[in-house]
Amino acid sequence: MKIVCLGKNYRAHAQEMQELLGDVTKPLVFLKPPTALLYQPGPIRLPDYSTNVHHEIELVVEIGVRCKAVAAAHAWEVIAGYRVGLDLTARDLQQEAKRHGWPWTLAKGFDTSAPISRLYRPDEVDGEITATRLRLWVNGDLRQEGTTAQMELAVPQVVAYLSGYMTLEEGDLLFTGTPAGVGPIRPGDELIAAIDALGEMRFTVATG
Ligand code: MG
């Protein structure tokens, strides 16, 4: 399986990163290795080569069937369900990569950099997945809040876009971008990530 992630799919986050949004119909794409996955109870393990790992709460779409070039109107037919996810990012390594024009692989791909909740099947979704609130707390402080209605590419368009470039397979996970409010996490922190239509997940943060 593979983990395919969108960057800059929320305008407010792109602005806080001082990024030009560019053509919103063609967002930035990067991969995380399967070894980045982390299931509850964790913990998240911060790599010793970064001093600035950030939280990014994201809606994750799980693919249920091998597919290629799926039209947006048919995207729902290939979706197995959804998960709450965190796209943990070594921001210092990412900034260095940006300066050099390098890919973000090392900044985004460390072990435990992709914590995810259990799978919520489409029939378990409470409300509209395309207009549901995402929130992230660190030690009880609300740090990120947004709604999937703010996504530049909504869920069906994400599936259409990515499957236009590569075959998607059962079990593949699509991270759909983060709203504004990203910030650092530190050893001992307790994170709660919640998506109203799904549920919440909790992770603690440890050193590597
Ligand atoms: Mg992200």
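For residue 126, which of the numbered conditions (1) in contact with an Asp or Glu (Cβ under 8 Å, 6 or more places away or on another chain); (2) surrounded by 15 or more Cβ atoms within 10 Å (Cβ to Cβ) fails to hold?
Every listed condition holds for residue 126 apart from (2).
Restricting attention to region 54-66, does a residue exist that is within 11 Å of the ligand (Cβ to nearest atom) and of a type in the set (Asp, Glu)?
The answer is yes; a qualifying residue exists.
Looking at 191, 173, 162 in this structure, which one is touching a Phe, Trp or Tyr at 6+ places or on another chain (Cβ under 6 Å), on the phi < 0 side of the Ramachandran plot and either more than 16 Å from the ligand (Cβ to nearest atom) or at pLDDT 95 or above (or both)? Talk me through it step by step, then tell me what you get.
Values: 173 fails: touching a Phe, Trp or Tyr at 6+ places or on another chain (Cβ under 6 Å); 162 fails: touching a Phe, Trp or Tyr at 6+ places or on another chain (Cβ under 6 Å).
Among 191, 173, 162, only 191 is touching a Phe, Trp or Tyr at 6+ places or on another chain (Cβ under 6 Å), on the phi < 0 side of the Ramachandran plot and either more than 16 Å from the ligand (Cβ to nearest atom) or at pLDDT 95 or above (or both).
May I ask you to list the residues in region 176-188 that are small (Gly, Ala, Ser) and within 10 Å of the ligand (Cβ to nearest atom)? Let's see the steps before the verdict.
Within region 176-188, the subset small (Gly, Ala, Ser) is 177, 180-181, 183, 188.
Residue satisfying the conditions is 177 alone.
Return a yes/no flag: does region 93-103 have any residue that is in contact (Cβ under 8 Å) with a residue 40 or more places away in the chain and touching a helix residue (DSSP H, G or I) at 6+ places or on another chain (Cβ under 6 Å). Walk me through it before giving the result.
Step one: of region 93-103, the residues in contact (Cβ under 8 Å) with a residue 40 or more places away in the chain are 93, 103.
If we keep only those that are touching a helix residue (DSSP H, G or I) at 6+ places or on another chain (Cβ under 6 Å) as well, we get 93.
Yes, region 93-103 has at least one match.
For residue 69, work out the one condition from (1) of a type in the set (Gly, Ala, Ser); (2) over 22 Å from residue 14 (Cα atoms); (3) touching a strand residue (DSSP E or B) at 6+ places or on another chain (Cβ under 7 Å) it doesn't fulfil.
For residue 69, the exception is condition (3).
Under the condition of being surrounded by 15 or more Cβ atoms within 10 Å (Cβ to Cβ) and part of a loop (DSSP other than H, G, I, E, B), which residue from region 18-48 is nearest to the ligand (Cβ to nearest atom)?
27
So, residue 51, is that one farther than 16 Å from residue 5 by Cα, among the hydroxyl-bearing types (Ser, Thr, Tyr) and in contact with a strand residue (DSSP E or B) (Cβ under 9 Å, 6 or more places away or on another chain) or not? If you could, list the steps in order and put the result at the bottom.
Working: farther than 16 Å from residue 5 by Cα: yes; among the hydroxyl-bearing types (Ser, Thr, Tyr): yes; in contact with a strand residue (DSSP E or B) (Cβ under 9 Å, 6 or more places away or on another chain): yes.
The answer is yes for residue 51.
Could you check how many residues of region 71-92 are away from the ligand (no atom under 14 Å from the Cβ), farther than 16 Å from residue 171 by Cβ and not small (Gly, Ala, Ser)?
The total comes to 4.
The values are calculated or read from the model by the stated rules, or taken from the named source; none is laboratory data. Only a predicted model underlies this, so the values are computations on that prediction, with no experimental measurement involved. All Cβ positions, glycine included, derive from the backbone under ideal geometry; neighbour counts span all protein chains shown.
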